[in-house]
Amino acid sequence: MNTLISIEGVSRRFGDVTALDSVSLDIRQGEFFALLGPSGCGKTTLLRILAGFEEPDAGSVRLDGADLLAVPAHRRPVNLMFQSYALFPHMSVEKNVAYGLEREKLPRQEIRRRVSEVLETVGLAAHARRRPHQLSGGQRQRVALARAIVKRPRLLLLDEPLSALDKKVRAEMQLELKRLQHDVGITFVVVTHDQEEAMSLADRIAVMQGGRVEQIDAPVALYDRPRTPFVADFIGANNLFAGTVSGGGLEVSGLGVLPAPTAGLPEGAQALLAVRPERVRLGQGTLTGTVVDVSFYGGVSHVALSVPGHGGHVLVATQGPARVETGTEIELGWDAADGVVIAADDAAVENGAPV
Amino acid sequence: MARREPALRGNGWLRLPFWLTYLFLYAPIAVLVVMSFNRNKTPYSWGGFSLDWYGRLAENSSLRTGLVNTLIVALGSTALSTVLGTLLAVGLARHTRSRVLDALSTLPAILPDLVLAIGLLVFYSAIKMTLGLHSVLVAHTVFGMAFVTAVVRARLGHADTSLEEASQDLGATPYTTFIKVTLPTLAPGIVAGALLAFTLSLDEFVIAFFTHAPSQPTLPIVIYSMVRFGVTPEINALATLLLAVSFTVVIVAQRLTKLTEAL
Amino acid sequence: MTPSPAGRRAAARVATLGPGFAFLTVFLLVPLALVLSYTVFRRGRFGGIVYEPTGENFARLADPLYLDVVLGSVRLAAVTTLLALLLGYPTAYMIARLPGRWKAIALVAVVLPFWTNFLIRTYAWIVLLNSQGPVNSGLEALGLGPVELLYTDGAIVAGLLYAYLPLMILPLYSAIERLDPQLREASANLGARPARTFWSVTLPLSLPGVLTGCVFVFVPSLGNFVIPELLGGGRRIMVGNLIRDQFLKARDWPFGSVLALAVIAVLVLLLFAQAWAGRRAGRNG
Ligand SMILES: Nc1ncnc2c1ncn2[C@@H]1O[C@H](COP(=O)(O)OP(=O)(O)O)[C@@H](O)[C@H]1O
Ligand SMILES: [Mg+2]
């Protein structure tokens, strides 16, 4: 797939706050791309730069190889679906949707045709004459979406598109967004702080933190091969151990040498070991812990153990009901191949997880 | 969970000053209105119902001149204040962060009218401008604008900048955005501000007193010269008419724009 | 060729802010600067200004004749403000507690008289307080009158209070209305009786509104010259009358400017006090 947008070294400061710190990433033609990160990490700022409401202090943004920053917001083939939807309260649904087409000075008939087509697509044809305040949250969200896609932009930006909806509508809209993106074939960039949402929607995800891009990968790769401590901690649950490479494992003070895939790392190097709860086995292994909590979630059980010498609890996920009781002492462990080692210089090394 | 709030109980004694306030505000007005329908020439004893004084009022030519002058000044200064004030409000909210400009825009509303009045008198005389309706009109624009700016800004404060950004995002130029999105969202604020400027100008006395030409008095100045000579039933009739007009305007404005929110 | 983003922003700034501030500069800042500059020049023999610097205009403020006027008007304005607060606070408090629809009606009823002509409102008090007016007729019927009510300091205070009471109630109302009802509930929940809650929670948090209302009543009371003339019968001269006379009768513009500056100084002082209280309440709240 060819690159549609190429962002290089983009930085933006607001006074003391560095909202974006030399961000570089490429977005490919036709993909569903997600920006994922905790609140305040700079996602909205990056979107606003793409839409033209914010200018970077440094760096470049190219669309099809041409400088996008030189184009004023109203001439960019990029549309933004606002977090607040920003529907014009004094215009009906159809007027809102027609607004962007009228600015292109298209013939009336074509405008009318395209507006009714897109309202059909998002299932709001019956509500064309309503004002935004007469619609439900989910319906407003669809109007905002229709208003943006009717322009057939090269790139559609969606800022937390589902965050204002309640849980049930949210799940429906996730499916619908995905279907819509597939149908209209527009490149989508969606911003979210909800990792499950990003995982289920996107082809590729950029995880951001503190204005920096931590890792860009497909959802499965992100889960299985986190490349930074932040990603390992942020995506899904993980047991993290910091130590030094020693004798084919990771030596952690207080715990001894833990099984870890350290091939390729020099003896004595600082590194972080991440082990998913579902990879930890109970009953045998290198560590001994006391069960402090067992909770059953239908299909799986979560067991929390306190291990002498280890700061937090070690989490274990087992299929079905757990056969241990609170207060029991038990051995636990994992195969070296089931861990992921992240060297202190932030580059991931070998790991044995199946791809 | 309509739980009765303990702090709300025992407020009985507050009712007294509450009703006293409204008695204080409305008793004098009520007396005027009743007296205006009194046949007697001495305004203090009831001599039967009559509309005589209203007839007398209609014949008073200096009141008519005053009214026409006032309307010219009020309409002109309202138009000017509304345009300048609306632009200023948009500029202050969207295009600058200067606190000095912000303070300057509200200064005429805070400044005592007497200070503004002497300032303009001194200024007009320094540039040797002849006084007339135009000098009052400009003077009223100075404070009318401050009120329009304040009211429109209050509205802009609630308005979401994302509406304007959405408009640009959909391909509208900044100018089209201003006309199609900014102004319509501001419309209630602009109407409220304009009504405010208009009523303030209609009633304004102190500044007009200092900046008018003796040959062209506004209505409040005509009233002032009548009132100075004491009580006449004619003024009661005039008062009743003016009260009716103001009450109607305020109630209509309240209905239209929920003026109290802007205040 | 499209203008740069910075250029477009500058154009929008000039188009929106330019006309208004040009107008304010010419018709507000220049006049105020003129008044300010006149305070240090001598008056001409036939009015007008002689551009010789002098400090005597300020010195005249200390003249017992004028000092009396200033102190007397400060007293009347202060009494008016105090009465407005005593009447206005409970009223604003009650309005804030009214259910939605009644709240709106009560508020409009406070503002309504304010929108009627100021001279007419003052005139109403001439009618009321006249020696043959309704108040005196009532007193006479009770065997208490007639009393001279018109042309007294009391009449001036009544007129000023009538003119500016709404300016006290509105800021008080918005300050009280803004208070989180949960704070009062919390106070009651912690065992405070209503009076304690009022003194310890409601009043301190509404203090910025109290001060705003006081500024709104005190400053125009000080500068009013119509009410002392019509209701005081010209016996009591207030700062407003003095200023008017310097400009329209005595034609002593420099001294008039000094008096105007004094009024502005009072205003600025009070505004600072109010901003300070606002910040304090902001920190507490
Ligand atoms: N216009 C602005 N002025 C000042 N600070 C801002 C502005 N916009 C964003 N920021 C700051 O930049 C950081 C990133 O903000 P944002 O991009 O909105 O984060 P996100 O969308 O990931 O939650 C935050 O610390 C925010 O406070
Ligand atoms: Mg955001």
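Positive contributions from Lys and Arg (+1) and negative ones from Asp and Glu (-1), summed over other residues with Cβ under 13 Å from the Cβ of C:Leu98, come out at +3. Set the Cα radius of gyration of chain C against 2.2 N^0.38 Å, with N its number of residues, and you get 1.27.
Within chain B, the whole DSSP H helices whose Cα atoms reach 24 Å or more along their own axis and whose mean Kyte-Doolittle score is at least -0.5 are B:15-36, B:61-94, B:133-158, B:183-203, B:233-257. Taking the protein assembly as shown as the region of interest, the number of lysine pairs whose Cα atoms are within less than 18 Å, with members eight or more places apart or on different chains, is 8. For the range C:207-249, the Kirkwood radius over C-alpha pairs fed into Stokes-Einstein at 20 °C and 1.002 mPa s yields D = 190 µm² per second.
Multiplying the residue separation of C:Arg45 and C:Ala22 by 0.36 nm and removing their Cα-Cα distance gives an extension gain of 4.8 nm. For the pair the range C:121-176 / the range A:199-264, the C-alpha centres are spaced 81 Å from each other. In order along the range A:225-239, the Karplus-derived 3J(HN,Hα) couplings, from 6.51 cos²θ - 1.76 cosθ + 1.60 at θ = phi - 60°, round to 10, x, 9, 9, x, 4, 5, 4, 7, 7, 8, x, 8, 8, 9 Hz, and Gly and Pro are given as x. Debye sum, Cα scatterers, the range C:148-232, no solvent: what log₁₀ I/I(0) at q = 0.22 1/Å? Computed log10 I(q)/I(0) values: -0.94. Listed by Cβ neighbour count within 10 Å, with the fewest neighbours leading, C:Tyr123, B:Tyr22, A:Tyr297, C:Tyr89 appear as A:Tyr297, B:Tyr22, C:Tyr89, C:Tyr123. The charge dipole of the range B:16-257, taken about the Cα centre with unit charges on the Cβ atoms of Lys, Arg (+1) and Asp, Glu (-1), comes to about 260 debye, rounded to the nearest 20.
Simple rule: put +1 on each Lys or Arg Cβ and -1 on each Asp or Glu Cβ in the protein assembly as shown, find the dipole, and look at B:Ser125, C:Ala188, C:Ile176; the Cα lying farthest toward the positive end is B:Ser125.
With the charge dipole of chain C set up from +1 on Lys and Arg Cβ and -1 on Asp and Glu Cβ about the Cα centre, the Cα lying farthest toward the positive end among the listed residues C:Leu36, C:Leu61, C:Leu231 is that of C:Leu36. Here r is the Cβ-Cβ distance between C:Arg178 and C:Arg75 and R0 is 30 Å; the resulting FRET efficiency, rounded to 0.05, is 0.35. Taking the Cα centre of the protein assembly as shown as origin and assigning +1 to Lys and Arg Cβ atoms and -1 to Asp and Glu Cβ atoms, the resulting dipole is close to 3420 debye. With Cα atoms defining each centre, the range C:35-77 and the range C:95-120 are spaced 40 Å apart in the structure.
One way to sum up the overall shape of chain B is the equivalent ellipsoid from its Cα gyration tensor, whose semi-axes run 38, 29, 17 Å, largest first. Towards the positive end of the charge dipole of the protein assembly as shown, with charges on Cβ (+1 Lys, Arg; -1 Asp, Glu), say which of A:Leu157, B:Leu241, B:Ser77 has the farthest Cα. It is B:Leu241, whose Cα lies furthest towards the positive end. Once both labels are positioned 7 Å from their Cα atoms along Cα-to-Cβ, the gap between A:His302 and A:Glu176 label points is 3.1 nm. Entry note: the protein assembly as shown has Rg to Rh equal to 1.10, where both radii use alpha-carbon atoms and Rh is the Kirkwood radius.
Using the rule -39500 (n - 2.57) for each DSSP H run of four or more residues, divided by the residues of chain C, the 222 nm mean residue ellipticity is -23500 deg cm²/dmol. Per-residue ellipticity at 222 nm from helix content only, as computed over chain A with -39500 (n - 2.57) for each DSSP H run of at least four residues, stands at -7000 deg cm²/dmol.
When each full DSSP H helix of chain C is screened for a Cα extent of at least 27 Å along its own axis and an average Kyte-Doolittle hydropathy of at least 0.5, the helices passing are C:64-97, C:153-178, C:203-223, C:253-284. Shape summary: chain A maps onto an equivalent ellipsoid whose semi-axes, from the alpha-carbon gyration tensor, are 46, 24, 15 Å in decreasing order. Here the sum of -39500 (n - 2.57) over DSSP H runs of 4 or more residues, divided by the residues of chain B, equals -24500 deg cm²/dmol at 222 nm, to the nearest 500. Under the simplified labelling scheme, the B:Leu75-C:Ala104 pair shows an inter-label distance of 3.1 nm, with each label point 7 Å from Cα along Cα→Cβ. With contacts taken as Cα pairs under 8 Å and at least 6 residues apart, the range C:63-284 reaches a relative contact order of 25 percent. GNM on chain C, C-alpha springs below 10 Å: top fluctuator among C:Asn130, C:Asn117, C:Asn241? Looking only at C:Asn130, C:Asn117, C:Asn241, the biggest GNM fluctuation is shown by C:Asn117.
Where a number appears in this text, it was derived from the coordinates with a stated rule and is not lab data. Being a predicted model, the structure only gives us computed values, none of them experimental. Reconstructed Cβ throughout: ideal geometry from the backbone, glycine too, with neighbour counts over all protein chains shown.
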